[in-house]
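Okay, structure first, notes after.
Computed from the coordinates by the stated procedures, all read-outs in this text should not be read as laboratory data. Computed from a predicted structure; not experimentally measured. Cβ placement follows ideal geometry from the backbone for every residue including glycine, while neighbour counts extend to all protein chains displayed.
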Amino acid sequence: MQRLLLLSCFLILLLTGCEAPLVLQSPQDKAAINAAISGEKPGDYFIGRRFYKVDYKMWGWVKNPGESWKQSRLVMLNEQKKLAPDRERNNVGSDNNYEYRLIGHFSGEKVYEPASDTFYPEFILSSATVISTNPPLIFPDKRWINPSVRLINPPQY
């Protein structure tokens with residue numbers, strides 16, 4: 001009887017700890033990322049991936065054309081010249097994981113983000129054009145792009 005009770009408790013603990021299955025980055029994602037990167041022409045622009053998180057105020061990941069996402073930087077946007085696309089539509093976070101062609105520059109300054117207790121590079125936005133509303137996954141799994149999950153680690157690809 002004692003074993004049965006112990007087994008029941010173990011099963012309850014096991015089942016309450018279960019989460020939905022992970023949606024992992026696929027080989028197709030990796031191939032699509034490689035194709036996109038190889039198609040990025042050099043120029044005076046950046047590629048940005050919106051990374052909306054409920055608890056944080058950074059904008060997203062920004063890289064130079066032709067670079068891997070591992071080389072991207074998580075940035076704070078300076079919107080004095082141009083509002084971020086989601087803020088311009090008055091719908092903050094609605095463009096989570098969208099990919100953009102960004103015109104602007106890094107100011108060389110760092111901006112403090114209190115929730116993460118970290119300083120991030122400041123990017124002064126002049127223009128943003130949507131490249132894709134459903135780009136390939138640049139993170140190990142889809143949890144990373146969930147706005148309520150507090151993961152802010154860099155892209156792995």
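Once both axes come from the Cα atoms, what is the angle between helix 27-39 and the longest principal axis of the chain, in degrees from 0 to 90, rounded to 10?
10 degrees
Roughly what would the spin-label model give for ASP117 and SER38, points 7 Å off Cα along C-beta, in nm?
4.5 nm
Sum up the charges of everything whose Cβ sits under 15 Å from the Cβ of ILE103, counting Lys and Arg as +1 and Asp and Glu as -1, but leave ILE103 out.
On the way: positive: LYS41, LYS63, LYS81, LYS82, ARG101; negative: GLU40, ASP44, GLU79, GLU88, GLU99.
After counting each charged neighbour, the total is 0.
Please give, to one decimal in nm, the separation of the simple spin-label points placed at ASP141 and ARG101, each 7 Å out from Cα toward the Cβ.
Modelled inter-label distance: 3.5 nm.
Using Cα atoms only, what is the angle between the long axis of helix 2-16 and the major principal axis of the chain, expressed in degrees (0 to 90) to the nearest 10?
Tilt of helix 2-16: around 20 degrees.
Need the full-extension length gain, ASN91 to LYS110, defined as separation in residues times 0.36 nm minus the C-alpha distance. One decimal, nm.
Result: 4.3 nm gained on full extension.
Going down the table (LYS30/LYS57; LYS81/LYS142; LYS70/LYS142; LYS53/LYS82; LYS41/LYS142), which pairs top 25 Å between alpha carbons? Please report the intermediate quantities before stating the final value.
Details: LYS30/LYS57 28 Å; LYS81/LYS142 32 Å; LYS70/LYS142 17 Å; LYS53/LYS82 21 Å; LYS41/LYS142 28 Å.
Over 25 Å apart, Cα to Cα: LYS30/LYS57; LYS81/LYS142; LYS41/LYS142.
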